[in-house]
1. Testing Glu169 on (1) closer than 30 Å to Glu66 by Cα; (2) in contact with a Ser or Thr (Cβ under 9 Å, 6 or more places away or on another chain); (3) surrounded by fewer than 20 Cβ atoms within 10 Å (Cβ to Cβ), one condition comes back false. Which one is that?
2. When you go through (1) more than 21 Å from the chain's Cα centre (by Cα); (2) small (Gly, Ala, Ser); (3) closer than 23 Å to Val104 by Cβ one by one for Gly247, which number turns out not to apply?
3. In region 98-117, is there at least one residue being outside any strand (DSSP E or B) and either assigned by TED's automatic domain parsing to the domain that holds Glu242 or at pLDDT below 95 (or both)?
4. Identify all residues within region 201-224 that are β-branched (Val, Ile, Thr) and either outside any strand (DSSP E or B) or more than 20 Å from Asp295 (Cβ to Cβ) (or both); write none if there are none.
5. How many residues does region 136-177 hold that are under 30 Å from the mean Cα position of the chain (by Cα) and free of Cβ contacts under 8 Å to residues at least 12 places away in the same chain?
6. For Asn284, work out the one condition from (1) modelled with pLDDT under 95; (2) under 21 Å from the mean Cα position of the chain (by Cα); (3) not in a helix (DSSP H, G or I) it doesn't fulfil.
7. Looking at Leu177, Leu155 in this structure, which one is at pLDDT 95 or above, part of a loop (DSSP other than H, G, I, E, B) and surrounded by 19 or more Cβ atoms within 10 Å (Cβ to Cβ)?
8. Any residue in region 178-193 that is at negative phi sitting within a Cβ distance under 7 Å of a residue that is of a type in the set (Asp, Glu) and surrounded by 13 or more Cβ atoms within 10 Å (Cβ to Cβ)? List the pairs, counting only those 6 or more apart or interchain.
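The values are calculated or read from the model by the stated rules, or taken from the named source; none is laboratory data. This is a predicted model, so every value here is computed, not measured. Cβ coordinates were reconstructed from backbone atoms using ideal geometry, including for glycine residues, and neighbour counts include every protein chain displayed.
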Amino acid sequence: MFIKSNLAAFAATTILATSAFAADDKPGEGVTVRPVIQPIAEEIFQHRILFRALNDLGYDVAEPEEVQAQTLHLALGTGDADFTAVHWNGLHDTFFQESGGDEVLEKVGTLIDGALQGYLVNKAAYDAGVQNLGDLKDPEKAALFDADGDGKADLAGCVPGWGCERVIEHQLDEFGLRNTVNHNQGEYNAIIADTIARNEGGENVLYYTWTPYWVSGVLVPGENVEFLAVPYSALPDGATAETTFDGKDLGFAVDSIRVVATDEFLEANPAAAKLFQVAKIDINDISAQNKKIADGEDSSDDIDRHVDEWIAANQAAYDSWLEEARNAAQ
């Protein structure tokens, strides 16, 4: 009887210890996380790395809602989603504030550092003297980039709702460029494909882009294209930010890409909160993966394979995220 009682007690203790270990290992078990992302293939990779980490912590990750940046922030502010990993700290701050700001949301960690945006031209045009966006106030210089025959420069620009269009539209007014520059907006990949084709055909090109993104692996700053400076820093709504990179004022905030999540979700999920705080992905890794997408590795299975490869190459860092997240939940 004594032996049976002790064996029963040992078994119960073992079950409790195993359960406790499982709870520590999977602190998110039973919780469904609702991400919201933009409908941009090149931004899926960073999210799926976080989705994988959340899964390893026991969370279920719902199918992401896909909307443009402004609507994405509103979805978070109204509690219709839990987090995104595509918030540009400076560029999207207006969207953040319009969606409730610090009252309901929080910017967590810095997932990707050193993100740039700006206006670029082909190197021949740059070397010929078009080195500042303000130079395009001169009709003769603007006409160098006329793609449709109306005499005005054609700027391959920003999709409405992304946030960059606000900066471009503001600066076209601020620098007196409305009479000489057309801001062409539409499906970005189609616009930039036309830009690349015209560059390859020896035509002058003027376009907006950002890093991390595959475009800068084809039109390479310092090689076949150059960033333009702007006459002076001029951001919408009187905003101020560091816009100078490598001695040149690019006109856009030198930025970082962060996770934004609801206060309610972060408070209820300390493991996820810590994951978002410590996770970091090198900007060059993002650009390299984006180039794979541009080269045709663009299926969902391809992106999952890219995630597998990135985790394997960064296993120690990835495991440290999980360890810190698990510790935060204890």
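1. In the conditions (1) closer than 30 Å to Glu66 by Cα; (2) in contact with a Ser or Thr (Cβ under 9 Å, 6 or more places away or on another chain); (3) surrounded by fewer than 20 Cβ atoms within 10 Å (Cβ to Cβ), Glu169 misses (2) alone.
2. Going through (1) more than 21 Å from the chain's Cα centre (by Cα); (2) small (Gly, Ala, Ser); (3) closer than 23 Å to Val104 by Cβ one by one, Gly247 breaks only (3).
3. Scanning region 98-117, I find no residue that is outside any strand (DSSP E or B) and either assigned by TED's automatic domain parsing to the domain that holds Glu242 or at pLDDT below 95 (or both), so the answer is no.
4. If the condition is that a residue be β-branched (Val, Ile, Thr) and either outside any strand (DSSP E or B) or more than 20 Å from Asp295 (Cβ to Cβ) (or both), then Val205, Val215, Val218, Val220 are the ones that fit.
5. Selection size over region 136-177: 2.
6. (3)
7. Every option except Leu177 fails the conditions.
8. Listed pairs, sorted by first residue: Asn182/Asp154; His183/Glu169; Asn184/Asp154; Gln185/Glu165.
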